[in-house]
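Here's the structure we're looking at; comments come further down.
The values are calculated or read from the model by the stated rules, or taken from the named source; none is laboratory data. Everything numeric in this text was worked out from a predicted model, so none of it was measured. Ideal geometry is used to build each Cβ from the backbone, glycine not excepted, and the neighbour counts take in all protein chains shown. We work out accessible area using only protein heavy atoms, side chains counted, and drop any ligands, DNA or RNA first. Shrake-Rupley method; radii C 1.70, N 1.55, O 1.52, S 1.80 Å.
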Amino acid sequence: MTEHTVQVTVNGEHRTVTVEARRLLADMLRHDLGNHGTHLGCEHGICGACTVLVDGQPVRSCLTLAVQADGRTVDTVEGLGTPEQLSPLQEAFSANHGLQCGFCTPGFLMLATGYLRETNNPSDDEITDLVASNLCRCTGYQGIIDAVRDAARRQP
Ligand code: FES
Ligand code: FES
């Protein structure tokens, strides 16, 4: 079995990982690097629970090979904030009831983080389109939409 060395910066920390060619980015993050906040739901690109940022862009880590992250920057939910100091987006999810069981939440947080880095003052329709790419089985979507809108308003 051929193995490959992947050099990747995860949440600001340089990491070197040896993986098989078929290893998924999601599995590398969870099992090789211990970032269990990246969740796996459908494992075939539908639910968005596994969304992380690669070079700042939201991607499905269940559809991305670990070797594709070589030389790149990956941001996961662990890099957003801490229990003591949530990121503004995490605070907005809490304040607007954007989560219940929390399974989908890391994916929504990373999706919205990437989006809000590039978008100021999004409309409700734009936020609705954005969150439609990920699945939540608990909240309805209104709390998530409210949270993204709230976080957008708090942006400097
Ligand atoms: S686990 Fe990747 S999209 Fe569902
Ligand atoms: S909060 Fe439970 S699936 Fe979204």
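The table for this structure:
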read-out	value
Full-extension gain in nm, D124 to R154, via 0.36 nm per residue minus C-alpha separation	9.3 nm
Euclidean distance of C-alpha centroids, segment 120-142 and segment 33-101, integer Å	16 Å
For segment 28-39, 3J(HN,Hα) per residue [Karplus equation, 6.51 cos²θ - 1.76 cosθ + 1.60, θ = phi - 60°, Hz, x = Gly/Pro]	4, 5, 6, 9, 8, 10, x, 8, 6, x, 7, 9
Amide H within-cut-off set for V52, under 5 Å, with H built and near neighbours excluded	V59, S61
Whole-Hz couplings from phi, Karplus 6.51/-1.76/1.60, listed for segment 2-16; x for Gly and Pro	6, 10, 10, 8, 10, 9, 9, 9, 10, 6, x, 10, 6, 10, 10
Residue-span extension gain [D70 to Q7] - 0.36 nm each, minus C-alpha spacing	22.2 nm
Simple Cβ-charge dipole of segment 1-45, Lys/Arg +1 and Asp/Glu -1, about Cα centre, in debye nearest 20	40 debye
Accessible area (Å², 1.4 Å probe, nearest 10) - T73	50 Å²
Over the chain, relative contact order from alpha-carbon pairs under 8 Å, at least 6 apart, %	24 percent
Nearest-10 value in Å² for the accessible area of E13, using the 1.4 Å probe	100 Å²
³J(HN,Hα) computed for each position of segment 71-77 - Karplus, 6.51 cos²θ - 1.76 cosθ + 1.60, integer Hz, glycine/proline x	x, 10, 9, 10, 10, 10, 4
Candidates V59, V67, V17, ranked by Gaussian network fluctuation over the chain, Cα under 10 Å, top entry	V17
For R15, distant residues with modelled amide H under 5 Å away	V8, T9, V10
Mean separation of Cα contacts under 8 Å, 6 or more apart, over the residue count of segment 40-130: relative contact order %	31 percent
Spin-label pair E43/Y141, simplified geometry with 7 Å Cα→Cβ offset, distance in nm	2.7 nm
Among beta bridges that DSSP assigns inside the chain, antiparallel share in %, nearest 5	90 percent
